[in-house]
Ligand SMILES: [Zn+2]
């Protein structure tokens, strides 16, 4: 499968004796507590995407559009949904690696790619989630072909460019087709 991906390459440059790679991993990663999945470890590369205004915007998008107007508890956001999908995608590929890793040639590059694809799959959503593209846009722009999937692809490129994220071109390509 993909070329070997070294997570350490995604760290900002540090002084040679600043810290061991293990200390760097701890320094540039985070843990958050999710209501559904419990503790979620956010790796350094994922954090480079999460700590952008484009991804943080998902905190203000409700996962279920305007459903909360009828079901007041339905207020979870695309942000927590995306972290959950990132976690589940990581768990799924790790399980696959554990059971068929050698056979399928699953390496760290593949694991990181699948996790990023999960994290970023909804990054192009508009306000009120699906309501925006299925109900709102067609009524105000005739023949509108806008979709959150297409916008997610553009947004991934935009984030990488604007925030100068040093990422293997092959990985970006695979994240976008996932
Ligand atoms: Zn989703």
### Subset of region 37-69 that is within 25 Å of residue 135 (Cα to Cα) and touching a strand residue (DSSP E or B) at 6+ places or on another chain (Cβ under 8 Å) - its residue that is surrounded by the most Cβ atoms within 10 Å (Cβ to Cβ)
63
### Query
Would region 129-140 turn up any residue that is within 21 Å of residue 76 (Cβ to Cβ) and touching a strand residue (DSSP E or B) at 6+ places or on another chain (Cβ under 7 Å)?
yes
### Task
Scan 126, 105, 101, 118 and give me the residue that is over 26 Å from residue 55 (Cβ atoms) and surrounded by 16 or more Cβ atoms within 10 Å (Cβ to Cβ).
101
### Query
Got a number for residues in region 126-162 being within 16 Å of residue 81 (Cβ to Cβ), in a loop (DSSP other than H, G, I, E, B) and more than 13 Å from the ligand (Cβ to nearest atom)?
3
### Task
Just give me the residues in region 23-36 being within 23 Å of residue 161 (Cα to Cα) and touching a strand residue (DSSP E or B) at 6+ places or on another chain (Cβ under 8 Å), in sequence order.
29
### Task
Considering every residue within region 42-55, establish whether at least one is over 21 Å from residue 161 (Cα atoms) and free of Cβ contacts under 8 Å to residues at least 24 places away in the same chain.
no
### Query
Counting only residues that are touching a helix residue (DSSP H, G or I) at 6+ places or on another chain (Cβ under 7 Å), without any contact (Cβ under 8 Å) to a residue 60 or more places away in the chain and within 13 Å of the ligand (Cβ to nearest atom), how many does region 59-96 have?
8
### Task
Would you please list the contacts, defined by Cβ atoms under 6 Å and residues six or more apart or on different chains, that run from a residue in region 136-153 that is over 22 Å from residue 176 (Cα atoms) to a residue that is in a loop (DSSP other than H, G, I, E, B)?
137/144; 137/146; 138/144
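No value in this document is a laboratory result; all are computed from the given coordinates. If you're wondering where the values come from, they're calculated on a predicted model, not measured in any experiment. All Cβ positions, glycine included, derive from the backbone under ideal geometry; neighbour counts span all protein chains shown.
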